[in-house]
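Take a look at the structure set out below.
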Amino acid sequence: MAMIATIGYRLKFPKARDFVNITSDHAIPVKSFLQYEGKYYCVTRVYFANNRDAGGYLIEVKEANEIPSNYVTVRKSLR
């Protein structure tokens, strides 16, 4: 049986103070689109932080003006 690996990210929305923990079944590169809770966002920055409070893969996004034809669906992580 094949296992699907999920990737954990910390997502920062425009004008937000804190990050939201999300998971995805696919890698999320820069300039790609993602869908979170019915809204579409364009990924502006993906980086890795190695500190205790906000470590891991961090993503910064901006709201998309149009509905993209190709996007990655992400969901909120329970952790």
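Pick out, from 30, 51, 67, the residue whose Cα sits farthest towards the positive end of the charge dipole of the chain, with +1 on the Cβ of Lys and Arg and -1 on the Cβ of Asp and Glu.
51
Let me know the charge dipole size of the chain about its Cα centre in debye, to the nearest 20, where only the beta-carbon of Lys, Arg (+1) and Asp, Glu (-1) is charged. Write out the running numbers ahead of the final one.
Numbers: 12 positive and 7 negative charges, 46 e Å.
I would put it at about 220 debye.
With the other protein chains left in place, how much accessible area per residue, in square angstrom, belongs to the chain at a 1.4 angstrom probe?
Details: 5990 Å² over 79 residues.
Result: 76 Å² per residue.
Given the C-alpha atoms of the chain, compute the convex hull and give its volume per residue in Å³.
117
Karplus couplings for region 10-25 from phi (6.51 cos²θ - 1.76 cosθ + 1.60, θ = phi - 60°), rounded to Hz, Gly and Pro as x?
10, 9, 10, 7, x, 6, 9, 8, 10, 8, 10, 7, 10, 10, 8, 8
Would you pull out the residues with amide H under 5 Å of residue 75's amide H, same chain only if 5 or more places away, H placed 1.01 Å from N?
23
The values are calculated or read from the model by the stated rules, or taken from the named source; none is laboratory data. Quick caveat, the model's predicted, so the values are computed rather than measured. Positions of Cβ are backbone-derived with ideal geometry, glycine not excepted, and every protein chain shown enters the neighbour counts. The area values use the complete protein model at the heavy-atom level, side chains included, leaving out ligands, DNA and RNA. Shrake-Rupley method; radii C 1.70, N 1.55, O 1.52, S 1.80 Å.
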